[in-house]
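Comments concern the structure below.
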Amino acid sequence: MRRLDLAGEWRLEDLTTGRAAPGRLPGQNYPDLIAAGLIDDPFWGANEAAAQELAGHDFRYRREFDWAAGGEKAVLGIVGLDTFAEVELNGRPVLRGDNAFRTWRADVTGALVEGRNEITITFASPLPRIAAAARRTKLRSVGFGAKAAHARKPQCHFGWDWGPNLPPVGVTGSIMIEVGADRLADVRVAQDHLGGGVNLTVGAEVESAGGGGLWVAATLLGPDGEVVATAQQAADAVGDVSLDLAVARPQLWWPNGLGGQPLYRLTVALARGGDEVDRWEGRLGLRTIELDQPARGRGRGLRFRVNGHPIFAKGADWIPSDTFITRTGRDRLERLIAGAARANMNMLRVWGGGYYESDDFYDLCDQYGVLVWQDCAFACSEYPLAEPSFVESVEAEVRDNVRRLRHHASLALWCGNNEVFMLLPIMGRASKRRHQRFFFETLAGWIRLEDPATPYWPGSPAAARPGGEHLGAADGDSHLWQVWHGMRPIEALGAVPAQFCSEFGLESMPARATVARFTDVAEPALDDPVMEIHQKSVGGNQKILYYILSKYPRPSSFDDLIYLSQLIQAEAIREAVEGWRRATGRSNGALYWQYNDVWPTASWASIDSELRPKALQFRARHFFAPVLVSITPAARGGRLRRALGGGAGGAGGPRPGAGRAGGARAGGRGGGASRAGAAPRPVGLGTREIHAVNDRREAFSGTLLATLSDLSGRPLKTKSWPVELPPATARRVAVFDVAKLLGGLPPAEAHLEAVLTDQSGRVASSASALFVPDRLAALADPGLETAVAVADGLATITLRARRSLARHVMIECRGLDLDVSDNFFDLPVGPPAQVTAPAPDGLTADQLAERLVVRCLNDVPRTSRLSAALIRARIQLKPVSLLSRLIFALQK
């Protein structure tokens, strides 16, 4: 089969204004108009508003190409035709599209001519069609992308609470003409793991004009490139062919942190008369994946097993990588996915208001061991499921994407929707039944027909059955927004006994250099118009300040605001994740919202739109580590007494009214250890606990050393415990009565450090904790000393605190993005810490040292606690805050 690739230079016309510009397909209208200078960058300043007007225009792409007629069948194929489009070839209509998620094919044999041909794609504005559909059928939604559920187009194109309202048109995938009657219409691969070996059944669906002499051959290459197995079989003109390949000594594929990611290469070739006419190629990871749903009272848990091993899913929620997705190449995707793996993530959830992602995305997830929870393209809305044409279009969309993606080792789950079930209480009775039947039965049936091996889940959040509690934490997966939207304290998250939390988060500011992508104001205020435009969560900038003031001083500069906002975000997510990991077995997943950004903005992302990691991204490397030591948060509630002997338990901590625990107890296999998956036993008020978690497939054996010091670094008490952890286990190792531990030391001057080492003495994990909120700690000038060395392309930054604990040390480099190995960490007085980074080209150690900026929480000026309390109260009393708090107070 010959293929004529039509990717490349096209001509773009705005049919509403008559303006024209060079264009590219695959591509989208907004980037082409920006490149031509016909519109200003919609990300800058307040330009979004002017750019929104283009969403009401019609556009046309056109190009010419040469064609040599040969009498063979010719088919035009377009992947990602977005959205309401008519394709003409030499003035003859050949294809009409209305679904951006589909693979469109049209026979164009009779429309092609010898020599020069012209192809045009006319995109109608989606707005009139959506408006007309909305007048016919009213759909309930949460308000994002209003009415967009009528169109099979990414809903976030029409605005979300983290992205702009700039719906593009264009082609997001491939566009080509295939020539020839013989083709592989579909290839599917089934794995059967038995007796230590793996049998592959390769199914090929053949299309042909007829005649004999067709053969299908399959070749499997191992990770080292050697041939592992081959098979071939004669094929009919139309029909299915099944081939068997045996792998006697398989190398299994594992998620990140649990083993390697060996990938086999499978080639399926279709030949006629000895000549190859079509081929399919894909990389395979040999593995099994199951969705385990253990009974949990009236509900069911949610846990993934890979190759039979239970895993705690650690990761984040993925949104499109750019507002204009065709600007994302493989390099950008790799930086993001490699960054997830580097942060010890083993799962990304592809959110349902965006795309089924590109082939490159899943290839890279295969390569880096990042499992993919794949939402189908439904989010936060009621859908017109009573319309047969809509359902038929969705069925074709699902078939196309399941067939495209099902062979990927990283594909862990097909999920029906994002937050559709939360609207069930306000849907009409018939619509409610229709939505439950669609997501629990119809959609599930379509997917299982095409991909019986990958688990299916009806929605996120969802219970295991239609009548379950979809918004609760005791059944299935949960979205917990009591923190942020509900304005609860950050400690509230980890205290929720969630089975699997697939959404939770807190906003922060992006890096200063990223803010400069949309404003040149040196010290912008939170309520500056441009700052508000680049904050899509209603009242979001005020909420950021609200949460900062719960733990830290009031920011006295814009740099303070950025720094403190990232700290509070990182602390909120850390406390939640560690709370759930301490209950491994009962809780089995934590995917925070969100991983990435579509434009420069304040948001929940841990990596901003310019790929600059925030504090959360660095902290995730530690709280998602395969082996973790975790100190429970300080007790909260009531007045903070000098001995910290009272107050309500924090995340994962004691419950009010429980008995007191004396002294410190050893854990390990006896003492204070709790069974894997069991809820921590109540140990009384005024306590801190140290837990150890082992996610690995192998048992962990080591030693925990806890050191109590004052902030000047003077050690006061030390104690060690042996730690034995079976695979996939969490245990409580030690419990401290805080009053007894501190003795006469004021809580504001105390610091607790826990270090877990393995049998070789290597540090597996460490944790650092204060005994008061950071704003109350007696942090002094740490006397930070910094030295820089450059050798063999590697920069080494050595840091030492001479006088006091340096809290949350942050390293930046003026004018450069320095890829440091760690950041936002505590540095006690004592031995130095070393951080490494690839050395910037051409910079000496002295030049790098001149650009280096090192700061810590100690440097932030202390402000009035009364002022902070008044600001927080004023933010709480804003109407939008009151409404949001009321809504989320009603959730369990």
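The values are calculated or read from the model by the stated rules, or taken from the named source; none is laboratory data. Predicted model, so just to flag it, every value in this text is computed and none were measured. As a convention, Cβ positions derive from the backbone with ideal geometry for all residues, glycine included, and neighbour counts pool all protein chains shown. Just so you know, the surface numbers come from the protein's heavy atoms only, side chains and all, with ligands and any DNA or RNA stripped out. Shrake-Rupley method; radii C 1.70, N 1.55, O 1.52, S 1.80 Å.
At-a-glance table
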quantity	calculated
Share, in percent, of DSSP beta bridges within the chain that are antiparallel, nearest 5	85
Length-normalised contact order for region 526-631 - Cα pairs under 8 Å, 6+ apart - percent	22
Protection-proxy order for peptides 729-738, 452-461, 781-790, each taking the mean of Cβ atoms within 10 Å per residue, highest first	729-738, 452-461, 781-790
Alpha-carbon centroid distance for the pair region 718-741 / region 502-526, whole angstrom	39
Whole-Å semi-axes of the ellipsoid equivalent to region 733-892 (Cα gyration tensor, √5λ, descending)	35, 24, 18
Cα-centred dipole magnitude for the chain, charges only on beta-carbon of K, R (+1) and D, E (-1), debye, nearest 20	4840
Calculated FRET value between residue 720 and residue 36, using beta carbons and R₀ = 60 Å, to 0.05	0.35
Cα Rg, Dmax (largest Cα-Cα span) when computed across region 130-257, Å	23.4, 61
Percent RCO, i.e. relative contact order, over the chain, from Cα pairs under 8 Å lying at least 6 residues apart	9
Accessible-area value, residue 186, 1.4 Å probe, nucleic acids and ligands omitted, Å²	20
Qualifying GluC sites (Glu not before Pro) in region 50-79, DSSP loop, other Cβ atoms within 10 Å at most 14	72
Accessible-area composition of region 112-239, carbon plus sulfur, in percent [1.4 Å probe]	49
Cα centroid of region 359-425 to Cα centroid of region 205-260, whole Å	26
Calculated from backbone phi, Karplus (6.51, -1.76, 1.60) coupling profile of region 247-252 in Hz, x at Gly/Pro	10, 6, 10, x, 9, 6
Relative contact order of region 779-837, pairs being alpha-carbon contacts under 8 Å that are 6 or more residues apart, as %	37
The chain - Rg over Rh from alpha carbon coordinates, Kirkwood radius	0.98
Cβ-placed point charges (K, R +1; D, E -1), dipole of region 282-331 about Cα centre in debye, nearest 20	240
Volume of the Cα convex hull of region 678-758, divided per residue and given in Å³	99
√(5λ) per eigenvalue of the Cα gyration tensor, region 51-197, largest first, Å	33, 27, 13
3J(HN,Hα) from dihedral phi, region 776-785, Karplus parametrisation 6.51/-1.76/1.60, rounded to Hz, x for glycine, proline	9, 6, 7, 6, 10, 4, x, x, 5, 10
Square roots of five times the Cα gyration tensor eigenvalues for region 803-892, Å	40, 18, 14
Accessible area of region 774-876 belonging to carbon and sulfur atoms, whole % at 1.4 Å probe	50
Carbon and sulfur %, accessible surface of region 265-420 computed with the full protein complex present, 1.4 Å	41
Above-threshold pairs, the threshold being 24 Å between Cα atoms, out of 432/878; 138/543; 543/614; 719/740; 536/878	432/878; 138/543
Rg and Dmax [Cα atoms of region 195-337; Å; Rg one decimal, Dmax integer]	20.1, 63
Size-normalised alpha-carbon gyration radius of region 386-479, reference 2.2 N^0.38 Å	1.11
Surface per residue (accessible, 1.4 Å probe) for the chain, Å²	38
Relative packing of 703-713, 306-316, which averages over residues the other C-beta atoms within 10 Å, highest first	306-316, 703-713
Charge dipole (the chain, unit charges on Cβ, about Cα centre) - positive-most of 478, 455, 154	478
